Ligand SMILES: [Zn+2]
């Protein structure tokens with residue numbers, strides 16, 4: 001089945017992890033043997049050939065670069081200008097992938113429909129480009145609100161105003177507080193340019209404020225349920241309800257700590273914690289039960305988001321194993337139309353509506 005994955009950090013992996021994503025995942029992992037600078041060295045699950053193998057032909061791919069003030073101890077850049085430059089390197093990588101036919105940017109209805117035709121023409125995927133919708137995870141790198149239009153012009157189509165911690169336009173995961181005037185200005189400009197609001201990572205205060213002030217299209221690219229794993233990074237049932245009312249699609253994420261309660265980073269193991277793909281279905285099912293239908297959930301795997309096999313479902317060896325999700329949904333009683341909605345249909349319907 002054709003799969004859309006609404007959250008991957010491909011360019012971050014290429015430039016900060018030094019991964020050549022045109023290679024098979026086994027080759028990338030082999031090359032990292034002996035490296036210890038990141039917890040997921042040698043344990044990656046995502047590369048472009050692996051996406052093709054899994055029939056994952058369309059992804060939402062990020063630019064990501066945080067600004068940190070002197071009192072912020074998260075990793076990040078010391079000025080917005082440095083963060084902007086980092087994201088420009090990331091764009092350059094995506095464009096380089098386009099130049100060699102590995103990827104293709106999807107930024108309007110015409111490019112979307114052409115891409116879907118190509119991927120559904122019955123021929124082998126082996127040489128087809130991976131389509132990507134460009135997204136910005138955390139808006140710190142927009143030096144000014146006017147930079148959004150510059151980004152729109154090179155293809156940016158979705159923005160999550162915050163990531164982890166305090167941000168320049170909104171407050172993110174583990175932080176608290178409101179967006180402030182600059183955040184409101186950003187939302188206005190996003191609305192004017194028809195940029196999708198990614199509500200993922202907004203802290204509760206900023207989340208409610210953003211939804212109150214933003215009148216455009218809203219999705220949540222990678223977010224699980226607080227009812228199953230109680231953490232501010234996850235959505236409460238109340239937040240899920242309001243997203244459903246707004247026509248949002250919520251992407252189920254495969255980061256183990258967001259899937260099973262009590263995960264200890266660097267301590268717990270997927271097998272030890274019973275973290276498998278069935279747990280992902282629990283989160284998906286929770287959203288479907290609130291919605292009363294299967295129209296508001298999809299996949300936003302985050303499978304290259306600074307973790308790999310040490311922190312994802314034990315029955316997933318590479319991202320191509322997302323194909324297993326179809327069978328698990330069927331086992332839970334979902335019919336073929338439901339499964340198609342969740343594997344790709346909901347994201348496609350969302351984009352067609354947003355871009356019409
Ligand atoms: Zn994230």
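Computed values, structure above
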read-out: In Å, descending, principal axis extents of the Cα set of segment 154-309; value: 47, 34, 31
read-out: Percent of Cα pairs exceeding the 11 Å cut-off, where the set is segment 1-44; value: 69 percent
read-out: Alpha-carbon centroids, segment 134-160 and segment 36-83: separation in whole Å; value: 16 Å
read-out: MRE, 222 nm, helices only [DSSP H, n ≥ 4, -39500 (n - 2.57), over the chain, to nearest 500]; value: -10500 deg cm²/dmol
read-out: Taking the C-alpha atoms of segment 262-356, convex hull volume expressed per residue in Å³; value: 120 Å³
read-out: For segment 7-95: Kirkwood Rh in Å [reciprocal of mean 1/r, alpha carbons]; value: 14.4 Å
read-out: Length released on extending from residue 38 to residue 310, taking residue separation times 0.36 nm less the Cα-Cα span; value: 96.8 nm
read-out: Mean Cβ neighbour count within 10 Å, used as a protection proxy, ranking 299-306, 120-127, 13-20, 139-146 highest first; value: 299-306, 139-146, 13-20, 120-127
read-out: Relative contact order (%) - segment 245-356, alpha-carbon pairs under 8 angstrom, separation at least six; value: 34 percent
read-out: Mean separation of Cα contacts under 8 Å (6+ apart) over length of segment 3-355, as relative contact order %; value: 18 percent
read-out: For segment 3-355, convex hull volume per residue from C-alpha positions, Å³; value: 127 Å³
read-out: Label point distance in nm, residue 30-residue 335, each placed 7 Å from Cα along Cα→Cβ; value: 4.8 nm
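Read-outs: derived from the displayed coordinates by stated rules, not from any lab. Please read all numbers here as calculations on a predicted model, not as lab measurements. Virtual Cβ from ideal backbone geometry, glycine too; neighbours counted across all protein chains shown.
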